[in-house]
Amino acid sequence: MTDKPLSDEALEAQYNNRAAVPEHPALMAAWKAQAEAARVAHPPSLLHYGPGEREVMDLFEAGPDAPIALFIHGGYWQALDKDWFSGIAPAMLANGVSLAIASYDLCPTVRLSRIVDQMREAAGVLRERTGARPMVFGHSAGGHLAACLLSEGRASAAVAISGVFDLEPLVPTSINATLGLDRLEARALSPTHWPAPNGGAPGGTVLDCVVGAEETAEFVRQSRDMAAAWGAKGAETRFEALPGLNHFTVLSPLTEADSPLVRRITDLARACSALAIAKAKRHYRSSGDKERTWRNRREWGWGTPWGCWRSPWRRCPCSSGSSWGPCSATSPPA
């Protein structure tokens, strides 16, 4: 994706973000402090998407019928977890959007392909819970994973912040000492080479590629080239370089409820949620067997007989909410 291949030394300098931003320890400490304060102010519930210790998500709920967004953290698939990023929750909640923040297993304990599988499972749990594909956004490695989910029709839209979409430049760098990628596997796991979400299959078609204007030239190029590549194949893409922000401070707008980035993410979440509800209502009204459709709707994502349209496979809120079992409601959603 470059006109002239960079040397291994140049690639190391371009992709080693901690070396490129010497003040990163203080910036990350600020993330942690904001996260701890947010968890006190807005205690999350814990959702499991698998049996593993790290196969969990924090769910910050804005309300029972609020749209939901899934955030996937960065750390080059080898560091950090959900607890570092709770600080972005208050801004989302202030805009009426619930937020799930996922952890995942890290390399070298698992291969990168397994992390992609885990995010598929996390998105699936949210879809089962809400009846709609989640809007997904992520930072750095999380931007890569968000794009993967969008390509496969598992997201209603995606915003990739400082994403890495072509993994081959990482192969000769120190980052790959933990990932253990060869060029063939790196290419196979690069969403720039995956099908663009152009409306030919279920799922969303919107990908925003956002990057800090003060990031390395390679990170700016990755976002610019990804938007151009998928845009040329029919996806609805946007590229934006945020002035004055580096790979760490690019997350700062996510803590501001009225920032353009937060407004963009919450607008996408609301639009996708409204579209899913409209489609579900049309499906229900066009069915020739409304009772069957109301009681068993797995094929279009609203739940199962052991749940209800508002809370699939959970305690049913249509009655007292105090017992497990089939939904007690007698009529479908209006």
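The values are calculated or read from the model by the stated rules, or taken from the named source; none is laboratory data. Predicted model, so just to flag it, every value in this text is computed and none were measured. Backbone-built Cβ (ideal geometry, glycine too); neighbour counts: all protein chains shown. Remember, those area values only see protein heavy atoms, side chains included, never the ligands or the DNA or RNA. Shrake-Rupley method; radii C 1.70, N 1.55, O 1.52, S 1.80 Å.
Looking only at residues of the range 253-274 that are of a type in the set (S, T, N, Q) and touching a strand residue (DSSP E or B) at 6+ places or on another chain (Cβ under 9 Å), we find that the one that is modelled with the highest pLDDT is 266.
Please go through (1) open to solvent by 30 Å² or more (accessible area, probe 1.4 Å); (2) among the charged types (D, E, K, R); (3) touching a strand residue (DSSP E or B) at 6+ places or on another chain (Cβ under 9 Å) for residue 53 and return the number of the only condition it doesn't satisfy. Tallying (1) open to solvent by 30 Å² or more (accessible area, probe 1.4 Å); (2) among the charged types (D, E, K, R); (3) touching a strand residue (DSSP E or B) at 6+ places or on another chain (Cβ under 9 Å), residue 53 fails exactly one: (3). Among the residues making up the range 180-206, those that are open to solvent by less than 30 Å² (accessible area, probe 1.4 Å), within 21 Å of the chain's Cα centre (by Cα) and over 12 Å from residue 153 (Cα atoms) are 186, 189, 190, 191, 192.
Yes/no matrix, rows are residues, columns are (1) closer than 28 Å to residue 178 by Cα; (2) more than 18 Å from the chain's Cα centre (by Cα):
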residue	(1), (2)
4	yes, yes
7	yes, yes
15	yes, yes
46	no, no
54	yes, no
60	no, no
94	no, yes
100	yes, no
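Among the residues making up the range 116-131, a single one is surrounded by fewer than 18 Cβ atoms within 10 Å (Cβ to Cβ) and small (Gly, Ala, Ser): 124. Only one of the numbered conditions (1) in a helix (DSSP H, G or I); (2) in contact (Cβ under 8 Å) with a residue 40 or more places away in the chain; (3) surrounded by fewer than 24 Cβ atoms within 10 Å (Cβ to Cβ) is not met by residue 78, and that is (1).
Within the range 252-266, the set of residues being within 15 Å of the chain's Cα centre (by Cα) and either among the aliphatic types (A, V, I, L, M) or in a loop (DSSP other than H, G, I, E, B) (or both) comprises 254, 261, 262, 265.
May I ask you to verify whether residue 229 is more than 18 Å from the chain's Cα centre (by Cα) and surrounded by fewer than 16 Cβ atoms within 10 Å (Cβ to Cβ)? The answer is no for residue 229. Among the residues making up the range 81-115, those that are open to solvent by less than 10 Å² (accessible area, probe 1.4 Å), part of a loop (DSSP other than H, G, I, E, B) and either touching a strand residue (DSSP E or B) at 6+ places or on another chain (Cβ under 7 Å) or among the β-branched types (Val, Ile, Thr) (or both) are 97, 103.
Within the range 132-152, the set of residues being farther than 19 Å from residue 241 by Cα and open to solvent by less than 10 Å² (accessible area, probe 1.4 Å) comprises 134, 135, 136, 145, 148, 149, 150.
Take the conditions (1) in a strand (DSSP E or B); (2) surrounded by fewer than 19 Cβ atoms within 10 Å (Cβ to Cβ); residue 71 misses just one of them, which is (2).
Listed by position, the helices (runs of 4 or more DSSP H) inside the range 1-62 whose residues that are in contact with a Pro (Cβ under 8 Å, 6 or more places away or on another chain) number at least 1 are 8-15, 24-41. Just so you know, in the range 56-68 the residues that are of a type in the set (A, V, I, L, M) and out of contact with any His (no Cβ under 7 Å at 6 or more places or on another chain) include one that is most open to solvent (accessible area, probe 1.4 Å), and it is 62.
For residue 36, indicate whether it is touching a strand residue (DSSP E or B) at 6+ places or on another chain (Cβ under 8 Å) and either in contact (Cβ under 8 Å) with a residue 60 or more places away in the chain or open to solvent by 20 Å² or more (accessible area, probe 1.4 Å) (or both). Here the answer is no, as residue 36 does not meet what is asked. On inspection, residue 123 does not qualify as closer than 23 Å to residue 212 by Cβ and under 12 Å from the mean Cα position of the chain (by Cα).
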